[in-house]
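Only one structure is covered here, and it is reproduced in the block below.
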Amino acid sequence: MNQATIGIAIYALAIDLLCSSIPKTFVYGFSPLSFGMAPLLTVFGGFLGGSVHFFAISVSLYFVLFPLEWITFLNRKKFIISLCVWWFGLFSNFLPMYGFNFPPLHPVVDATLSVLLSIYLNRYNTARPSIYSLIASILISLAVGLLIGIIVLGILPTFPFKEFATSVITTVTSLLFFAYLLKTSLKENKPNLSFSLSLETFSLSKQELRICELVAEGHSRSFIRLILNVSDGTLRNHLKSIYSKVLPESNSTSKDQLQRLTVFLSKQKLLEGKSDK
């Protein structure tokens, strides 16, 4: 955690304590809207509340645009777009606080992006999605459908079957989004590596072959754990299995064996490069 994040957290806590101490300075009343009651902010309250979000998004965008190190596993463009959508959803919470009949998007946007990013970060995981991810996808799909239904209900003019049409749109949207999440989570991906090692003679499993390709690319153990979504113990067991199949028997440490494996895979890469020529 960096100093900027700590500073914003302290600033947000101070604003929260100030709001609870003198609430009428921040909120002057409540307004009934189509989706429920919304507090109405004063100019001073909106300025202080918005300043917390403004400073937070400024710091987050700074670290995204100027990171100490960017992991190639994460697509920068997709990540920045997701971050901007998330902050837009958060700022939309202020609209009903100024009397706009517009539902707050942040709860749905936050949950939806969480599921989509989870699927994206686990795209190289060979394991099938768990029952918990399936339940999460169902709940998020219902939330997305409900949000679209609320927006459509406010846009459509009054006619005899308005509620029925809104229900149909809500249901279809939920089903389509759930189908998209299910298709995306079940889709099998493979890391986009610049080469492919021929290690079939060593009887390595599919996961072990991926580990070898990532090791040959020069990636660290922490990055390999991230890209394959495995624990440190699981990765250690896979590496031990690879050592026993690929490297000659020795009493060297695991660190030495990893270096020997890296050298061996680099030689394999060079040999295959020459053979291709």
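The values are calculated or read from the model by the stated rules, or taken from the named source; none is laboratory data. Everything quoted here is computed from the prediction, not taken from an experiment. Cβ coordinates were reconstructed from backbone atoms using ideal geometry, including for glycine residues, and neighbour counts include every protein chain displayed.
Table for the structure above
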item	result
Selection within segment 145-183 - part of a helix (DSSP H, G or I) and of a type in the set (Val, Ile, Thr)	Ile148, Ile150, Ile151, Val152, Ile155, Thr166, Val168, Ile169, Thr170, Thr171, Val172, Thr173
Of the criteria (1) in the same structural domain as Ser185 (by TED's automatic domain parsing); (2) touching an Asp or Glu at 6+ places or on another chain (Cβ under 7 Å), which one Asp110 fails	(2)
Lys245 surrounded by fewer than 18 Cβ atoms within 10 Å (Cβ to Cβ), at pLDDT 80 or above and in the same structural domain as Ala136 (by TED's automatic domain parsing)	no
Residue list for segment 139-153, restricted to those being within 19 Å of Leu33 (Cβ to Cβ) and out of contact with any Pro (no Cβ under 8 Å at 6 or more places or on another chain)	Leu146, Ile148, Gly149, Val152, Leu153
Flag for Leu142 being at pLDDT 85 or above and either outside any helix (DSSP H, G or I) or surrounded by 15 or more Cβ atoms within 10 Å (Cβ to Cβ) (or both)	yes
Count of residues meeting criterion [within 18 Å of Gly50 (Cβ to Cβ) and in a helix (DSSP H, G or I)] in segment 21-39	3
Criterion violated by Ile22 - all others in (1) surrounded by fewer than 14 Cβ atoms within 10 Å (Cβ to Cβ); (2) modelled with pLDDT of 85 or more; (3) within 25 Å of Val85 (Cα to Cα) satisfied	(3)
Residue within segment 9-20 that is farther than 30 Å from Ala143 by Cα, out of contact with any strand residue (DSSP E or B) (no Cβ under 6 Å at 6 or more places or on another chain) and in contact (Cβ under 8 Å) with a residue 60 or more places away in the chain present	no
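Quick grid of which residues meet (1) in contact with a Phe, Trp or Tyr (Cβ under 9 Å, 6 or more places away or on another chain); (2) loosely packed, with under 14 Cβ neighbours inside 10 Å; (3) not in a helix (DSSP H, G or I):
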site	(1), (2), (3)
Gly46	yes, no, no
Ser60	yes, no, no
Leu68	no, yes, yes
Lys78	yes, yes, no
Trp86	no, no, no
